[in-house]
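Following: one structure in structure tokens, then a few remarks.
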Amino acid sequence: MTARLREIPYNYTSFSDREIVIRLLGADAWGVLNTLRGERKTGRSARMLFEVLGDIWVVRRNPYLEDDLLDNPRRRQMLVDALRHRLHAIEVRRQGNELVGQLLEAAGRAVREFEAWFADTASLRTRILRRLAGVTRRDNIAFDGLARVSHVTDATDWRVEYPFVVLTPDSEAEMAGLVAGLIELGLTIIPRGGGTGYTGGAVPLTDQAAVINTEKLEAMSAVEMLHLPGCEFEVPTIHCGAGVVTKRVMDAADAAGLVFAVDPTSADASTIGGNVSMNAGGKKAVLWGTALDNLVSWRMVTPDADWIEVTRLNHNRGKIHDAPSATFEIRRFAADGKTPKGSPDILTIPGSRFRKTGLGKDVTDKFLAGLPGIQKEGCDGLITSARFILHRLPAHTRTVCLEFFGTARDATPAIVEIKDYCDAHTDILLAGLEHLDARYVKAVGYATKSPRATRPNMVLLIDVVSDNEIAVGEAASKIVQLANARGGEGFIAVSTETRRKFWLDRARTAAIAAHTNAFKINEDVVIPLPRLGDYTDGIERINIELSIVNKLKLLDALAEFFAAPLPLLEDDDTVADPAQVEEKRQHALALIEAVKARWQGYANDLDAPHEHGTVFTALRDKHIRVSWKREVRRELHQLFIGREYLRVLEACDRIHQDILKSRVFVALHMHAGDGNVHTNIPVNSDDYAMLQAANAAVARIMKLATDLGGVISGEHGIGLTKLEFLDDATIATFAEYKQKVDPAQHFNKGKLLPGADLRNAYTPSFGLLEAESIILEASETGAIADSIKDCLRCGKCKPVCNTHIPRANLLYSPRNKILATSLLIEAFLYE
């Protein structure tokens, strides 16, 4: 990172100086600052201004520092006085410069707001405690640093503002009263369960936000046979509180010999309320659809602090978009949850409205014909409980693992062929069809089942089920044959234990981010099944371009290295010949220039004709290689032979490793049976250029998906990360709905509306914390930072942690403690 990018002190985040200046002083201030720098009229004044901004920035985003200053008025006043002293020093030096005056005016305003913020915070905390007393217990109202940092982000690790307060009510009955009180206090309400979202749906956009954590709503019924409205036969169902962890419901259904269809990858930590509000899916969606397809009814608190109960009528017990229409009864109740308000409304929605035609999943329509709660991401109320139908799994299951060693382009059509075969078969059902690409195969440490010495380039995991044991066995064999025709090999698991082992690799997909301190951009799109091959090709093209860009950056760094004096090893036994050194230097520079010209030629025209199709297809199929090891490193090792050149070669390897860290790549795994592709980009959060390159790649990916007739999300939602890729009409439709049901934005203020994207979001950076090496090395803090930096923030530790017991107000899961520890380390460094 260059000094110009991050000169503001105490900034251990992905933000550059630009974002911090804009956030604290406004967009105009950044333009003024750059103008002054262009005139070379900054220097010490700029450093003092940055010190002011650094102090404000670190305190505003660290609740431990905030609480410390709230508790110590004298220290707080000393800090404010120091900020004003620096601004005064700038005023003394500005010599009437009008532009400097503009900056000082903006900075003075920021300091005044910073000072007032403490008094306002103390006052609002007092009012919250007074207003909510009697609605819930005092220890359910949390302002402390641990509670707030635990609820500032989700699995994305993006954050915008800390919540002002976190509430952990004991029961569903408390919810309406809490909502009413928070509305009176002027706070926007953010419902939250497991915090496993991948789009920032539960990330506060304003510091005047209250997070209501629903994890205590963990009541769950036994499996109940009910005669549903409009259904001829009794149907097995289960009723769950919003805080019930998904895996608990799956286990309860399994114990009854049934299946709960909603099984996102986050099932070990996600909760029912989130499943409803996001319309979650998973691998079983290929057979039984997403949360919406399986809902019988749900209850929620409205932006008016009343209750709504929605019940599905004439349930088709299958995928909702396969039905001609779906009908819902909406009943409204007063704040007591019992007194009816008005007559029930009947909402009938065409089945085709729920998903774009030809797609198995689609959560991009946030309006959804006005159906309350579903895929609204907590923007129109708070889900408190829900009832789902359960399914009976046929008696016999076979799990098939297919390994493909050819190109992804050649292997991907097998997905469509397998799906078509299973759909046409009268005696079997496809209960799961999951995909891992070559990068995921490597990341999860996949153990190849084939006797081949190399890992496969694509793996498919498939569940086929039937009540006919012979039919399911024959189907599994046929699927292997289909793979064989595509250059694949197949393996069939029959026993429960072997089938479980086959699926273990699919559960380890988060490992793709291991080399970036567990930070990744995690997007999902949905592609029509016949176009999956085109999508895979499109992603491979992006990867090839990104790889070449990274390698060209490496060549530029090597050219700069060889243009400077070389680090020769010289001692009594070894003395380099200056003439020979110069000759080798020139050879190295010529080699680098020649390779750069060749690689740049590939990058400039990937569609140029080639004997193997085009340059792109030749690169994709490895007929052409862009290889640092073969084309540069090997040549350098042959050129710089001798002990005196060891340091030169070591330096080249170090340069390669440094540049490689910033390489952006895209990895895929899919719920392939319904075309839901999870597109992941690991990123180093301290590498600003890498973040920008990754964001540019995401934009290309979203365009690729829509150009192929797909949509930009199948189950992850929109949140902050995808809003910019929604079309204006879709946003406008939801905005109109929001204006109708929640005009004052009592719930999730700003979310899913214009401007609520990643522009104001940042993520912490352990890399920048570690840059404070002198302090870290002088204490055990460095070891602590290193031990926690790889937390995936997935939340899967919570249900199995003995110190995370929501009903006892123990929220000390490793995830939460790691989030808090990173802030404590930052506070330690600041002090």
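The values are calculated or read from the model by the stated rules, or taken from the named source; none is laboratory data. Quick caveat: nothing in here was measured; it's all calculated off a predicted structure. In this analysis, Cβ positions are derived from the backbone assuming ideal geometry, glycine residues included, and neighbour counts consider all displayed protein chains. To get the accessible areas, we keep the full protein, side chains included, count just its heavy atoms, and leave off ligands, DNA and RNA. Shrake-Rupley method; radii C 1.70, N 1.55, O 1.52, S 1.80 Å.
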For this session: Please go through the stretch 683-729 and pick out each residue that is of a type in the set (V, I, T) and surrounded by 18 or more Cβ atoms within 10 Å (Cβ to Cβ).
Result: V683, V698, I701, V711, I712, I718, T721
Exercise. Of (1) more than 31 Å from the chain's Cα centre (by Cα); (2) surrounded by 15 or more Cβ atoms within 10 Å (Cβ to Cβ); (3) farther than 21 Å from R439 by Cα, L554 satisfies all except one. Which?
Worked result: (1)
Problem set entry | Selection count where residues are surrounded by 15 or more Cβ atoms within 10 Å (Cβ to Cβ) and either part of a helix (DSSP H, G or I) or not basic (K, R) (or both), scope the stretch 92-114 | 12
Exercise. Hey, any hits in the stretch 278-285 for a residue that's in a loop (DSSP other than H, G, I, E, B), in contact with a Leu (Cβ under 9 Å, 6 or more places away or on another chain) and either under 20 Å from V525 (Cβ atoms) or open to solvent by 10 Å² or more (accessible area, probe 1.4 Å) (or both)?
Worked result: yes
Seminar exercise, completed: If you go through R47, R75, the only one that is closer than 30 Å to T763 by Cβ, in contact (Cβ under 8 Å) with a residue 24 or more places away in the chain, open to solvent by 50 Å² or more (accessible area, probe 1.4 Å) and not hydrophobic (A, V, I, L, M, F, W, C) is R47
For this session: Show the residue pairs that are 6+ apart or on different chains and have beta-carbon atoms under 8 Å apart, the first residue being within the stretch 576-594 and over 16 Å from E644 (Cα atoms), the second being open to solvent by 60 Å² or more (accessible area, probe 1.4 Å) and part of a helix (DSSP H, G or I).
Result: L589/A563; L591/E635
Exercise. Do we find a residue being closer than 27 Å to S822 by Cα, in a helix (DSSP H, G or I) and open to solvent by 10 Å² or more (accessible area, probe 1.4 Å) anywhere in the stretch 150-163?
Worked result: no
For this session: Answer yes if at least one residue in the stretch 312-333 is touching a residue at least 60 places away in the same chain (Cβ under 8 Å), out of contact with any Leu (no Cβ under 7 Å at 6 or more places or on another chain), open to solvent by 30 Å² or more (accessible area, probe 1.4 Å) and not in a loop (DSSP other than H, G, I, E, B), and no otherwise.
Result: yes
Problem set entry | Which listed residue, of T574, T536, is open to solvent by less than 60 Å² (accessible area, probe 1.4 Å) and either under 25 Å from A705 (Cβ atoms) or assigned to a helix (DSSP H, G or I) (or both) | T536
For this session: Of all residues in the stretch 115-147, count the ones that are touching a residue at least 12 places away in the same chain (Cβ under 8 Å) and either at positive phi or assigned to a strand (DSSP E or B) (or both).
Result: 3
Exercise. Q600 passes all but one of (1) touching a residue at least 40 places away in the same chain (Cβ under 8 Å); (2) over 39 Å from the mean Cα position of the chain (by Cα); which number fails?
Worked result: (2)
Exercise. Using beta carbons and a limit of 9 Å, which pairs, at least six apart or on different chains, have the first residue in the stretch 275-297 and closer than 14 Å to H239 by Cβ and the second one in a loop (DSSP other than H, G, I, E, B) and of a type in the set (K, R)?
Worked result: N294/R317
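So which residues in the stretch 224-271 are of a type in the set (V, I, T), open to solvent by 20 Å² or more (accessible area, probe 1.4 Å) and within 28 Å of A176 (Cα to Cα), if there are any at all?
Correct list: V245 only.
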Exercise. Among the residues of the stretch 516-528, is there at least one that is open to solvent by 50 Å² or more (accessible area, probe 1.4 Å) and either under 16 Å from R647 (Cα atoms) or modelled with pLDDT under 95 (or both)?
Worked result: no
Exercise. On the given criteria, is A305 at pLDDT 95 or above, small (G, A, S) and open to solvent by less than 20 Å² (accessible area, probe 1.4 Å)?
Worked result: yes
Problem set entry | Residues satisfying the stated conditions in the stretch 748-770, i.e. of a type outside the set (A, V, I, L, M) and in contact with a Gly (Cβ under 6 Å, 6 or more places away or on another chain) | N748
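Taking the conditions exactly as written (at pLDDT 95 or above, in contact with a His (Cβ under 6 Å, 6 or more places away or on another chain), among the charged types (D, E, K, R) and open to solvent by 10 Å² or more (accessible area, probe 1.4 Å)), does R387 satisfy them or not? Talk me through it step by step, then tell me what you get.
Details: at pLDDT 95 or above: yes; in contact with a His (Cβ under 6 Å, 6 or more places away or on another chain): yes; among the charged types (D, E, K, R): yes; open to solvent by 10 Å² or more (accessible area, probe 1.4 Å): yes.
It is true that R387 is at pLDDT 95 or above, in contact with a His (Cβ under 6 Å, 6 or more places away or on another chain), among the charged types (D, E, K, R) and open to solvent by 10 Å² or more (accessible area, probe 1.4 Å).
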For this session: Take the stretch 582-616 and flag every residue that is farther than 16 Å from C652 by Cα and open to solvent by less than 30 Å² (accessible area, probe 1.4 Å).
Result: W599, L606, A608, V615, F616
For this session: Pick out, from the stretch 617-728, the helices (runs of 4 or more DSSP H) lying fully within it that include 3 or more residues that are without any contact (Cβ under 8 Å) to a residue 12 or more places away in the chain.
Result: 646-661, 688-707
Problem set entry | Every pair of residues 6+ apart whose Cβ atoms lie under 6 Å, when the first sits in the stretch 488-509 and is over 15 Å from V441 (Cβ atoms) while the second is of a type in the set (S, T, Y) and surrounded by 14 or more Cβ atoms within 10 Å (Cβ to Cβ) | A493/T399; R499/T399
For this session: Please tell me if D420 is surrounded by fewer than 21 Cβ atoms within 10 Å (Cβ to Cβ) and charged (D, E, K, R).
Result: yes
Seminar exercise, completed: Taking first residues from the stretch 736-759 that are over 19 Å from V165 (Cα atoms) and part of a helix (DSSP H, G or I) and second residues anywhere that are open to solvent by less than 20 Å² (accessible area, probe 1.4 Å) and β-branched (V, I, T), the pairs with Cβ under 8 Å that are 6 or more apart or on different chains are V741/T302; L758/T721
Problem set entry | One residue from A447, A438, A443 being without any contact (Cβ under 8 Å) to a residue 60 or more places away in the chain, closer than 17 Å to I539 by Cβ and either open to solvent by 50 Å² or more (accessible area, probe 1.4 Å) or of a type in the set (G, A, S) (or both) | A438
For this session: Would you check which residues across the stretch 249-263 are without any contact (Cβ under 8 Å) to a residue 60 or more places away in the chain and within 18 Å of G795 (Cα to Cα) and list them?
Result: M250, D263
For this session: Of the numbered conditions (1) within 15 Å of C379 (Cβ to Cβ); (2) open to solvent by less than 10 Å² (accessible area, probe 1.4 Å), P191 fails exactly one; give the number of that condition.
Result: (2)
For this session: Kindly list the number of the only condition in (1) within 16 Å of H671 (Cα to Cα); (2) touching a residue at least 12 places away in the same chain (Cβ under 8 Å); (3) open to solvent by 30 Å² or more (accessible area, probe 1.4 Å) that fails for V400.
Result: (3)
